[in-house]
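What follows is one structure encoded as structure tokens, with my remarks underneath.
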Amino acid sequence: MERLPGFRDFYPEPLPPGEAWSTNVRTHIFDSWRKVARRYGFQEYDGPPLESLELFTTKSGAEIVGQLYNFLDKGERSIALRPEMTPTLARMISACERAYKKPIKWFAIPQLFRYERQQKGRLREHFQFNADIFGENDMAADAELIALLIDTLRALGLTSDDFVIRLSSRNAWQEFFSSRCHDSSKAYEFYQIIDKMEREDPSKSDALLQGMGFSMVEVQQFIDAAVPTVELQTILDNLNARGMAEFVRIDYNVIRGLAYYTGVVFEAFDRKGEFRAIAGGGRYNNLVKLLSGGKVDIAGLGFGMGDVVLTELLKSRKLLPRLGSHIDAFCRIEEESLRSATLSLIQTLRESDLGIDYPFTPTKADKQFKRAQELNASNVIRLERSESGEIIAKVKDCKTRVEQVLPIAEVATYLITNKSLKSDQASKG
Ligand code: HAM
């Protein structure tokens, strides 16, 4: 049985030959996302992976609707696996926003599913860090989100040499559009042409633009001028005050494909332009109102950062630390008569929050040593009966090779003290 195309198996390190996706790397990235989100005062939320189909068909836009994994469930309901988190979040906010003080600052790490053509950086499933703010119209919130996005990438070791945030505005494009076309129902169609322009054959974009009464030349002039709107200048000044100016540039090529954006939009890209977008987001001030049938009117803004491109970028910049499994101690059992006493010690150590392993069945001494090495154990412990018949523990530090002989009751304290000493030394050195 093969796994489905575009889906991933995640293995623990060291990875089996031919496999690319590691749970250790995934944990490393998720931990970093969570750490930085909390630094910015964001709280974690979550929602269901299955939603009613309608939640996505009405508000997300044609591209994502074409990529939906949808089906009828056994109760004849039309449902879909979530292709993005924003509609779920908007649904949750419209149901419960009154229970929370504003501005609401929330994050999540959902797994998302899109039936899209598999290519570099795009799979049929990915994890996405989402950070969103509700109830704030001031551009200070847009700047805060962009700063969070920058710091999330910096926390993983990336610098302004590696990535850039391309900042744009649907309002600027809206003005451009309405000064030349008075049929506002066509605006999203126009935005989609702009969104695809960088990846599309120029003659095709030109034909599409002409079909709507625009010329490629005037569109290109507008992009090249890159004059920041007042709201974009406010964001640039805010980021400048944080010393983050070098990470951002105005770029009207960005307009975003999703239908619901209403204001500032942005995308993060690698500087060399080797990869697809690392992250994207913007303001969506009408989405909650639309989904709540007009009952709740609250401004929203946010971004999503996928794990696929990010992992590829970190790998290519050699920014993934050596990540493997590790345990605090391996308990060798050489004498089966000491198995019960060893199990009792193992239980005490695990209750002290130490990572412990041991052989399930009688095993030769050399195999036990090998297993301790494979598991990357910091210590090897063996129980012995002393001459007076008392059971004692021999604890060997695998790095220094120093062995301590201890009463069983002191093993946990010894391991904990030793561990915190080592982690202090590591953080100083
Ligand atoms: P999006 O631009 O569709 O935005 O996705 C955001 C990021 O998710 C992309 O930049 C990319 O890193 C990753 N991504 C998207 N599709 C795939 C895929 N098929 N395979 C791998 N990675 C992918 C949204 O989803 C918005 N809901 C983000 C948002 C949150 N806007 C406001 N709040």
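The values are calculated or read from the model by the stated rules, or taken from the named source; none is laboratory data. Please read all numbers here as calculations on a predicted model, not as lab measurements. Positions of Cβ are backbone-derived with ideal geometry, glycine not excepted, and every protein chain shown enters the neighbour counts. Accessible surface is based on the protein model in full, side chains and every heavy atom, while ligands, DNA and RNA are left aside. Shrake-Rupley method; radii C 1.70, N 1.55, O 1.52, S 1.80 Å.
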(request) Starting from region 389-401, keep only residues that are under 15 Å from GLU335 (Cα atoms), then list their pairs with residues that are open to solvent by less than 50 Å² (accessible area, probe 1.4 Å) and part of a loop (DSSP other than H, G, I, E, B) whose Cβ atoms are within a distance under 9 Å, requiring at least 6 positions of separation or different chains. (result) ILE392/SER386
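Any residue that is open to solvent by 70 Å² or more (accessible area, probe 1.4 Å) and either within 16 Å of the ligand (Cβ to nearest atom) or in the same structural domain as GLN192 (by TED's automatic domain parsing) (or both) - is there at least one of those in region 79-90?
Initial filter on region 79-90 (open to solvent by 70 Å² or more (accessible area, probe 1.4 Å)): none.
The answer is no; no qualifying residue exists.
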(message) Criterion first (within 12 Å of the ligand (Cβ to nearest atom), at pLDDT 95 or above, within 16 Å of LEU123 (Cβ to Cβ) and crowded, with 20+ Cβ neighbours inside 10 Å) does LEU287 satisfy it?
(response) no
(message) Can you report the number of residues in region 160-187 which are closer than 21 Å to GLU63 by Cα and surrounded by fewer than 12 Cβ atoms within 10 Å (Cβ to Cβ)?
(response) 2
(message) Given the criteria open to solvent by 10 Å² or more (accessible area, probe 1.4 Å), farther than 14 Å from PHE247 by Cα and more than 12 Å from the ligand (Cβ to nearest atom), does GLU116 qualify?
(response) no
(message) Considering only residues that are open to solvent by 20 Å² or more (accessible area, probe 1.4 Å) and not charged (D, E, K, R), which ones fall in region 262-271?
(response) THR262, PHE269
(request) Filter region 124-149 down to residues that are of a type in the set (A, V, I, L, M), open to solvent by less than 10 Å² (accessible area, probe 1.4 Å) and either touching a Ser or Thr at 6+ places or on another chain (Cβ under 9 Å) or within 11 Å of the ligand (Cβ to nearest atom) (or both), then give me how many there are. (result) 5
(message) Give me the helices (runs of 4 or more DSSP H) completely within region 173-277, filtered to those with at least 3 residues that are at pLDDT below 95, ordered by residue number.
(response) 187-197, 202-211, 216-225
(request) Select, from ILE327, ILE298, the only residue that is of a type in the set (A, V, I, L, M) and surrounded by 18 or more Cβ atoms within 10 Å (Cβ to Cβ). (result) ILE298
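Are any residues in region 7-62 among the hydrophobic types (A, V, I, L, M, F, W, C) and open to solvent by 60 Å² or more (accessible area, probe 1.4 Å), and if so, which ones?
LEU50, ALA62 - these are the residues of region 7-62 that are among the hydrophobic types (A, V, I, L, M, F, W, C) and open to solvent by 60 Å² or more (accessible area, probe 1.4 Å).
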